[in-house]
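Structure, as structure tokens:
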Amino acid sequence: TGTRARKALVVTRQANPLGRSMIEMLGVLAIIGVLSVGGIAGYSKAMMMWKIDNAINQYTHIIQGMLENQMSLRSLPHQHIGPLLQEMGIIPENWTIEGLNIYDNMGNYLRIYTNHNNEKTMTLGIAIGGSKYHKNNESQQICTAILRDFVQPLHATIYFAFLDRNGASYTTWEGDNTYVSSLNHKTDKYIRDMTPTEINQACQTCNDTENSCAVMLYF
């Protein structure tokens, strides 16, 4: 009887091993590693989209605040008005101002000024990538989101918008608003007609790490 029990125990252990082979363990670790990398990548992408959406909402808040006070702002001489907008509570509290630059939550900087070229306009410039025009892997993504989700919905308010490279206009679009002829940016492209393909092609220039990339709005 003892011999039969020992044989049964051996058979049971062979059929239902209590341990795992090294190959099985390596396979499990590999699967965990792939899932971890995918999870981190997904989290990073989600965080970037949240930052972009948050920044665009704040840009919209700034434009709305400026338009609500446009009569007094348009009467100002040509000057940068970042500090003034901060005092008025139009600039988000978690943004910082250094000199002429207003830094958003992503490190992009804005310059806002009035009365450009002796015209009663207000100008908002968003330099993508930071104070040194430093680029990152998200520069094209940020540019695309700004044009698609921020600029295009404002087509009825903006005189014109252009994508700037190293201080020179790269692509220009006209808004629905009355055109300011002396600014000399007449174009047959319109903000309201921008297509996703056109926006993506224009923003590809932002991946060029040797050049600056900025979106300029006149309204």
Residue separation between S72 and N54 times 0.36 nm, minus their alpha-carbon distance, gives in nm 3.7 nm
The extension gain from L100 to T195, computed as 0.36 nm times the residue separation minus the Cα-Cα distance, is 30.9 nm
With a ≥ b ≥ c from the Cα gyration tensor eigenvalues, square-rooted, and the rule rounded for a/c under 1.5, otherwise prolate when a/b > b/c and oblate otherwise, segment 73-121 is prolate
The answer for F160, listing residues at least 5 apart or on another chain whose modeled amide H is closer than 5 Å to its amide H, is G175, Y218
Residue by residue through segment 157-165, the couplings from Karplus 6.51 cos²θ - 1.76 cosθ + 1.60 with θ = phi - 60°, in Hz, x for Gly and Pro, are 9, 7, 5, 7, 10, 8, 8, 9, 10
Cα-based Rg then Dmax for segment 43-102, in Å, read 13.8, 46
Pseudo-spin-label distance A46 to Y170, built 7 Å along Cα→Cβ, given in nm, is 3.2 nm
Rounded to one decimal in nm, the spacing of the 7 Å Cα→Cβ label points at E87 and A156 is 3.4 nm
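None of the figures in this text is laboratory data; all of them are computed from the coordinates on show. Predicted, not measured: the structure shown is a model, and the values here were computed from it. Note that each Cβ is placed from the backbone with ideal geometry, even for glycine, and that neighbours are counted across all protein chains shown.
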